[in-house]
Amino acid sequence: MNKFFLIGIIVLFGSILTISGINMYELVYAQGNSIFTATLSGKEVVPPVETGGNGMANFEVSDNSISYQLNVLNAGKITSVEIHKGAAGTNGEAIAIVFKPKASSGNLLGDLPKIGDLPKIGDLPKIGDLPKFSDISSTTQKSSSFSASGNINESSLTGPMKGKTISDLIAALQSGETYVVVHTEDHPKGELRGQITENTS
């Protein structure tokens, strides 16, 4: 009787271990995607920048791809967002372009015709046919908020990372020595910065 009881206990204990192992495997598999974040501020820029702007950059790494989500408040007009290689308090080279706005066709100077293409005086439009000043939009106004999302691919890699793979960029993120820089028209060298850290919680 004691022998059968002992065998039953062993079988039950083995079943519990097996179920626990499966649950642990499912938990690890579900948590396979790594999350990296960077809290952006002017005080992290080297040297520090006085700005009311702040923001957050999130990166999700899965398999061999990186997706990003950027949120910025109260910064100047953004010209690019990049990942740089470097420890906190140091400046390093850009290794990936996260975001760069498309070129605008609203450049008035760039749209001016050449002198030889100007119309003759008799062909000029009448004053009433000229566009109103209010119809011309401005691209210099600062936005109070900015957000963007997308994927980083191998064509985004630049500087010492150019020609390498997304796996190489992932290894750089895991090293703890990369940071995000938000470049703006007012601060071409960077208005906001934040060190990239892996979210282990």
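The values are calculated or read from the model by the stated rules, or taken from the named source; none is laboratory data. Not measured: the values here are computed from a predicted model. Neighbour counts run over all protein chains shown; Cβ positions are idealised from the backbone, glycine included.
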**Report entry** Counted residues, region 38-90 - those being free of Cβ contacts under 8 Å to residues at least 60 places away in the same chain, under 10 Å from ARG193 (Cα atoms) and of a type in the set (Val, Ile, Thr)
**Finding:** 0
Report task. Give region 144-201 a look and list any residue that's among the β-branched types (Val, Ile, Thr) and either closer than 14 Å to ASN58 by Cα or touching a strand residue (DSSP E or B) at 6+ places or on another chain (Cβ under 7 Å) (or both), or say none. Result -> ILE152, THR158, ILE166, ILE170, THR178, VAL180, VAL181, VAL182, THR184, ILE196, THR197, THR200
**Report entry** Count of region 46-85 residues which are touching an Asp or Glu at 6+ places or on another chain (Cβ under 7 Å), farther than 21 Å from ILE35 by Cβ and not hydroxyl-bearing (Ser, Thr, Tyr)
**Finding:** 5
Query - Filter result for THR90 (assigned to a loop (DSSP other than H, G, I, E, B), modelled with pLDDT of 95 or more, loosely packed, with under 14 Cβ neighbours inside 10 Å and of a type in the set (S, T, N, Q)) - result: yes
Query raised in the report: In region 173-201, what residues are surrounded by fewer than 20 Cβ atoms within 10 Å (Cβ to Cβ) and outside any strand (DSSP E or B)?
Result: GLN174, SER175, GLY176, GLU177, GLU185, ASP186, PRO188, LYS189, ASN199, THR200, SER201
